[in-house]
Amino acid sequence: MNYLRGFNFMDPAFNDIQSNPWNEIFKVVFFPDRIYHAEYLNATRSPRYRYNVREVRSYLGINALKGEVYLDGKFISNFLRLEYRGSRLVEQVREKKRLLNSGVIAWVRLLPEDQSKKAESRVKLHYCPWIDAYTVEIWETLEAPNTSYHDFQILDQMGRNGLITRVKAFNPALQDIKALTQIELAFRENDRNLPTGYQISDADTAWDNDYARSHQEPRTQDPSSPQNTISDQNYLINFQRGWFLQAPNIQPVRYRNAMMDADNPDRGDDNIIDMRWIVQRELGGSNIFFHEVTIPPGKVEGTHQHIGTEELYYITEGEGIAYMRVGDDPATDKYPTVERQVMDGQGFMVVGDWCKMPERERCFEIRTLQSGHFAMLKGGNLHALMNATDEQVSLFMFGGYD
């Protein structure tokens with residue numbers, strides 16, 4: 001597809017593929033975050049080097065590429081390239097009254113199919129103005145073949161903490177680049193503050209670990225058990241190309257009184273909803289999760305909001321009563337309204353003291369959602385869903401960054 005345009009593949013047939021009119025059509029719909037050009041990879045400042053990029057994955061300003069490097073037409077090394085735009089880390093560092101400057105450090109864990117080859121290390125990324133991001137290429141070897149030699153322009157980039165580097169612990173995983181299925185990443189500021197040069201201690205370091213990312217697993221059927229929340233503290237890049245999944249085969253995580261404060265009249269020990277977390281960290285782009293929610297008869301997901309994230313509800317079974325704050329969708333102002341208590345909550349769901357909220361903020365439109373209906377909920381929207389029938393309500397829910 002078009003996101004590989006510009007790579008110097010070994011097979012010239014790829015040039016014909018890129019000029020195919022079908023690719024021009026799909027480019028309109030599936031245009032990527034940026035077009036990858038071969039001249040922006042580290043070794044191609046010399047025409048003697050070519051890359052065969054097997055996979056490209058992106059997630060919130062992070063790009064990971066894996067493939068092969070050729071010198072004078074001969075294979076010399078597998079490689080892993082990381083690019084990081086640093087937008088989240090900029091905010092973390094700014095709170096400490098510092099700047100990112102020319103370099104950041106990545107914690108990298110390789111997760112190949114053969115778990116005995118799993119390895120982790122820290123590597124230095126350098127700012128590249130060509131792509132406006134921090135980057136590093138980790139090669140399987142930096143040695144030229146016995147019958148050849150590296151170009152001096154490329155040799156200048158190679159070495160420990162170089163733009164092109166080698167991590168000995170990664171070699172077993174890089175030797176079979178096709179079998180490198182996942183990598184985990186977290187990013188921190190440089191270990192020295194520039195231009196002053198003073199050492200930044202680990203205790204004072206700013207990290208971007210995907211905002212202390214976690215995921216959900218059904219480790220116990222006790223509703224709202226903390227055992228079901230797994231702390232990851234990193235980004236996951238997944239090179240797998242496809243999945244077949246069946247939601248009924250996935251055990252749900254159960255939640256009691258989801259999105260409700262202790263004084264909410266809708267609360268009850270039996271107000272339990274199930275969520276089958278179908279896909280979470282495997283998603284790329286700005287998506288966070290895709291799961292199936294089941295609300296039993298008479299139960300409710302409390303009124304709440306997300307700041308900076310969005311959700312899409314798609315009803316697949318039953319009939320639910322949806323609540324949306326008056327004014328959030330101007331086209332629905334004709335619907336009946338009701339006052340509802342809003343979750344005060346913690347963290348990203350803080351909406352202030354409910355009792356002090358303006359009356360309009362507590363006023364919600366009521367609409368019935370049936371199978372085939374969906375609701376789009378952008379960041380800041382206040383919403384809830386209740387099952388007032390005698391049969392369960394099921395819906396698929398997508399979540400992502402707004």
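Every number here is computed from the coordinates shown, using simple stated rules; none is lab data. Values in this document were obtained by computation on a predicted structure and should not be read as measured data. Neighbour counts are summed over all protein chains in view; Cβ atoms, including those assigned to glycine, are modelled from backbone coordinates with ideal geometry.
Going by how many other Cβ atoms sit within 10 Å of their own, how do L369, L82, L245 line up, fewest first?
L245, L369, L82
Find the Cα radius of gyration of the chain, compare it with 2.2 N^0.38 Å by division, and give the number to two decimals. All intermediate terms of the calculation are to be shown ahead of the outcome.
Numbers: Rg = 25.1 Å, N = 402, 2.2 N^0.38 = 21.5 Å.
Ratio of Rg to 2.2 N^0.38 Å for the chain: 1.17.
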Would you be so kind as to identify which of W130, W207, S394 lies farthest towards the positive end of the dipole of the chain, taking Lys and Arg as +1 and Asp and Glu as -1 on Cβ and the Cα centre as origin? W130
Which angle between 0 and 90 degrees, to the nearest 10, do you get for helix 21-30 versus the longest principal axis of the chain when only C-alpha atoms count? 50 degrees
Given 0.36 nm per residue, what is the gain on full extension from Q153 to M376 after removing their alpha carbon distance, in nm? 75.1 nm
Report the relative contact order of the chain, percent, no decimals, based on alpha-carbon pairs under 8 angstrom and at least 6 residues apart. 12 percent
Order of R367, R276 - criterion: other Cβ atoms within 10 Å of each residue's Cβ, fewest first: R367, R276
Set the bar at 25 Å for Cα to Cα. Now go through K118/K178; K96/K168; K66/K378 and name every pair that lies beyond it. K96/K168; K66/K378
For R256, R50, which order do you get if you count the other beta carbons within 10 Å of each Cβ and list the fewest first? R256, R50
Taking loop as defined by DSSP and a crowding limit of 10 other beta carbons within 10 Å, which chymotrypsin sites (Phe, Trp or Tyr not before Pro) in segment 218-265 fit? W243, F244
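Please give the length that would be gained between D176 and V90 if that part of the chain were fully extended, namely 0.36 nm times their separation in residues minus their C-alpha to C-alpha distance (nm, one decimal).
Here the answer is 27.5 nm.
Report the extension gain between A169 and Q233 in nm, rounded to one decimal, defined as 0.36 nm multiplied by the number of residues separating them, less their alpha carbon distance.
Taking A169 through Q233 to full extension adds about 20.9 nm, to one decimal.
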Once label points are set 7 Å from the Cα along Cα→Cβ at both T196 and R45, what is their separation, rounded to one decimal in nm? 3.1 nm
Ignoring GluC sites (Glu not before Pro) buried by more than 13 other Cβ within 10 Å or outside DSSP loops, the longest site-free run in the chain is 144-390
